[in-house]
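What follows is a short report on a single structure.
Nothing in this text is a laboratory measurement; each read-out follows from the coordinates by a stated rule. Because the structure is a prediction, the values reported are computed rather than measured. All Cβ positions, even for glycine, are placed from backbone atoms using ideal geometry, and neighbour counts span all protein chains on display.
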């Protein structure tokens, strides 16, 4: 598709979930807008991750799929007529453009159905055919699983003719996000000239000792102990010990982030000797992005928050077990991945009896 001399083209991006994958697609959105500055660009996304791209300045429309809720309601025969109306409205919104280009960044059967429903002219996706996802494509590129997801997605833009030089992770943070986070934090300022306060994270900690020249003058370290896969979790006792050392040795406040409701953060806090702040369940995704921007450092499991922190260019210490950091680790410079190499890794298992790869990581 030649964009020269073309006033406007309609483009559809399909990347439905999860948070990290949506973050990884943002540089491709920036490159796409650079390649087609006058295009009308629509992004279809599932509800759980939609806050990340809400009111995004590079998008003309965001269409939210409530697929999981629709499926659950239909399965339970709950509100069937309402659900069918919502699905029809979704399809109607999807089809009220004649798309010149559809890019399926997701590459699964659920995204291929949207490709089909879109009625797009040029339907671009991967040749890997996961879950028969390529059935409705008419143009395919090779999916190089040896690349990081960010660069793998950017292969679509290289195919379209973009040089993809600058990798921009634009998350539109609003004043309301800033105001809410600053009110939630309310962290007392500490004298940054105190000679007992180190300006470099160093010493005996196996995790923090891997980071050099981290500016801790902002005086708080964000910690995300949560992950969707149980195999990505680190022991609560180790998180508690690590956070106590951060407070004692670095004299920095620990701010916990993550979802609320399961008691994990509260349990970690109960094992600690020093006070900390629990913001679990109190932030939106954009709130979290701004909070991480303010932090000196983010310590996290392999999770969506890890990718948000990396996108905000805050140094990340990431704890990895069953997954491959070369494919989905924190993107960019200044981050450290802590990982114990095992004969079985990366296994990509969501359940494991031993979880030895995570248990071998020490504080």
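A few notes on this one:
- FRET E, pair residue 122, residue 183, Förster distance 56 Å, beta-carbon r, rounded to 0.05: 0.75
- Segment 216-323 - convex hull of the alpha-carbon atoms, volume per residue in Å³: 89
- Estimated D of segment 13-98 in µm² per second, where Rh is the Kirkwood radius over Cα pairs and Stokes-Einstein applies at 37 °C, 0.692 mPa s: 234
- Segment 159-175-segment 14-80 distance, computed between alpha-carbon centres (Å): 16
- When 248, 147 are sorted by how many other C-beta atoms sit within 10 angstrom of their C-beta, beginning with the fewest, the order is 248, 147.
- Peptide ranges 298-311, 49-62 listed from the most packed, as the mean C-beta count within 10 angstrom indicates: 298-311, 49-62
- Relative contact order (%) - segment 10-160, alpha-carbon pairs under 8 angstrom, separation at least six: 24
- Length added when fully stretched, residue 113-residue 76, from 0.36 nm per residue minus Cα-Cα: 11.0 nm
- From most to least packed by mean Cβ count within 10 Å, the peptides 232-239, 84-91 give 232-239, 84-91.
- Shown is the FRET efficiency for residue 342 and residue 68, computed with R0 = 35 Å from the Cβ-Cβ distance and rounded to the nearest 0.05: 0.60.
- Measuring spread by the Cα atoms of segment 54-183 yields a radius of gyration and Dmax of 17.8, 51 Å.
- For the chain, the relative contact order comes to 15 percent (Cα pairs under 8 Å, sequence separation of at least 6).
- Between residue 167 and residue 8, the modelled label-to-label distance comes to 3.3 nm, taking each label 7 Å out from Cα in the direction of the beta carbon.
- Helix-only mean residue ellipticity at 222 nm for the chain, each DSSP H run of n ≥ 4 adding -39500 (n - 2.57), per residue, nearest 500: -10000 deg cm²/dmol
- In this rough spin-label picture, where each label sits 7 Å from Cα along the Cβ direction, the residue 174-residue 139 distance is 3.5 nm.
- Model label zone, residue 61; criterion: amide N under 14 Å from point 7 Å along Cα-to-beta-carbon; scope segment 150-189: none
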